[in-house]
1. Looking at the chain as a GNM with Cα springs under 10 Å, which of G26, G186, G169 has the largest mean-square fluctuation?
2. How far apart, in nm, are the 7 Å Cα→Cβ label points at C48 and V19?
3. Could you please rank C48, C122, placing first whichever residue has the fewest other Cβ atoms within 10 Å of its Cβ?
4. Among all the lysines, which ones have a C-alpha under 29 Å from K64's C-alpha, if same-chain residues fewer than 8 places away are not counted?
5. Using the count of nearby Cβ atoms within 10 Å as a rough guide to exposure, how do T18, T143, T219 rank from fewest to most?
6. Give me the dipole magnitude in Debye, nearest 20, for the chain about the Cα centre, with unit charges on the beta carbon: positive for Lys and Arg, negative for Asp and Glu.
7. Using a Förster radius of 25 Å, what is the FRET efficiency between L142 and K103 based on their Cβ-Cβ separation? Nearest 0.05, please.
8. Positive end of the dipole of the range 93-139, charges at C-beta (+1 Lys, Arg; -1 Asp, Glu), about the Cα centre: which of I136, W95, S109 has its Cα farthest in that direction?
Amino acid sequence: MKLAQRLQDVKQRILDQTVIAKRSAGTISLLAVSKKHPVAKIDEAYQCGQKDFGENYLQEALEKIEALKYKDLVWHFIGPIQSNKTRAISEHFDWVHTVDRLKIAQRLSDQRPQNFDPINVCIQVNIDDEASKSGILKNEALTLARAISDLPNIKLRGLMAIPKAINEGDDASFRQMHDLFEHLAGLNEFPDWDTLSMGMSADLEQAIANGANIVRIGTDIFGPRN
Ligand SMILES: *Cc1c(COP(=O)(O)O)cnc(C)c1O
């Protein structure tokens, strides 16, 4: 199948689930996860109107950003972050979804180039407390959010998670993320708090049913990765 068709199919799934979940039209944005796929495919998706792209590996991402720098793409970093990578991330990305400690946020803020807008940040929550995944625990979210929201060159947008695979329709982890997101929103301490980043190819429906407003889709747009 052609990439244009796959992209269209994903958008249709998002629309369908928006209706089923009784969400407002146009409140869920699609982040195309292009890791391990070549620049040509990103460009193809861009020609179809896709602007937001997610990458996990810094070196690979920097090459793609350079190759596409004259186009108005929006780049999201969605991989684990080591502190020696923060400068390049802060200089080249518009969003970071995977901040899970204050030191990383401080460095992103300090290293943001002066003439740039603040970098958009989500805090990654390890909602199922899985050893294989990054992120803070649920009960650490408020403290970290408060510390990050004090930083000058960061716009704290919300939360990100990779909930564990759906087990016989059980979407409890997605629901817990939604509750946490709404709880922090309700405190009215974070003026830019508007983003719940969750949902991948296999579980975008469950994510949208539980309040996600950025879904991160790779395989169902670009095909399998090597
Ligand atoms: C790879 C990746 C995705 C996309 O996953 P697919 O199953 O290919 O849709 C989304 N989020 C993160 C954090 C990823 O690493």
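1. Most flexible of the set in this elastic network: G169.
2. 2.0
3. By the 10 Å Cβ count, ascending: C48, C122.
4. Within the straight-line cut-off, K64 pairs with K2, K11, K35, K36, K41, K51, K85, K103, K133, K155.
5. T143, T219, T18
6. Magnitude of the dipole: close to 480 debye.
7. 0.90
8. Selected residue: S109.
Each reported figure results from applying straightforward, stated rules to the coordinates on display, with no laboratory input. From a predicted model like this one, the values you see are computed outputs, not experimental measurements. Every residue, glycine as well, gets a Cβ built from its backbone with ideal geometry; the counts of neighbours run over all protein chains shown.
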